Amino acid sequence: MKKYIWMFSVLLFWNSAKSFAQDSSKNQLYIHNDSMMMTVFLKHIQDAPVDSIQARVMRQGFYDKLNKVHTRILSWNVVMGIGQIITLKFKPQYIRQVNQVFEGGAWGGFHTEF
């Protein structure tokens, strides 16, 4: 009888150790995602032709600045009647730099709505 109790306790211990190891391995594979997503609507200024809007935005270096500001562009859509819809992903500590890029680069060519 003692033999069966001992085997049962070993088996129980082995099962609990196995499940604990699986739970800890799940925690090791989990990586906390500390980035945020932001969608920006760039509405074209209706009074200006598209060529002058593009020239102004290019002159201000908007596209170059956007690539250098630690952002990942998830989508960029041009929608008739609305303008351009950009979805960005970046870490929260870069929100100030992203805001400055839109204020300095898109100003005059687009109305921005965050």
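Laboratory data are not the source of any read-out in this text; all were calculated from the coordinates shown. Just so we're clear, the structure is a prediction, and the values are computed from it rather than from any experiment. Here the Cβ is made from the backbone with ideal geometry for all residues, glycine too, and neighbour counts use every protein chain on show.
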Extension reserve of the I73-Q97 stretch, reckoned as 0.36 nm per residue once the Cα distance is removed: 7.1 nm
Divide the volume of the convex hull of the Cα atoms of the range 36-113 by its number of residues and quote the answer in cubic angstrom per residue. 77
Taking a spot 7 Å from the Cα of H111 along the direction of its beta carbon, which residues of the range 42-65 have an amide N less than 13 Å from it? 42-48
Using label points projected 7 Å from each Cα along Cα→Cβ, tell me how many nm separate I85 and D51, to one decimal. 3.0
The long-range amide H neighbours of M36, using H built 1.01 Å from N in the peptide plane and a cut-off of under 5 Å, are F90, K91
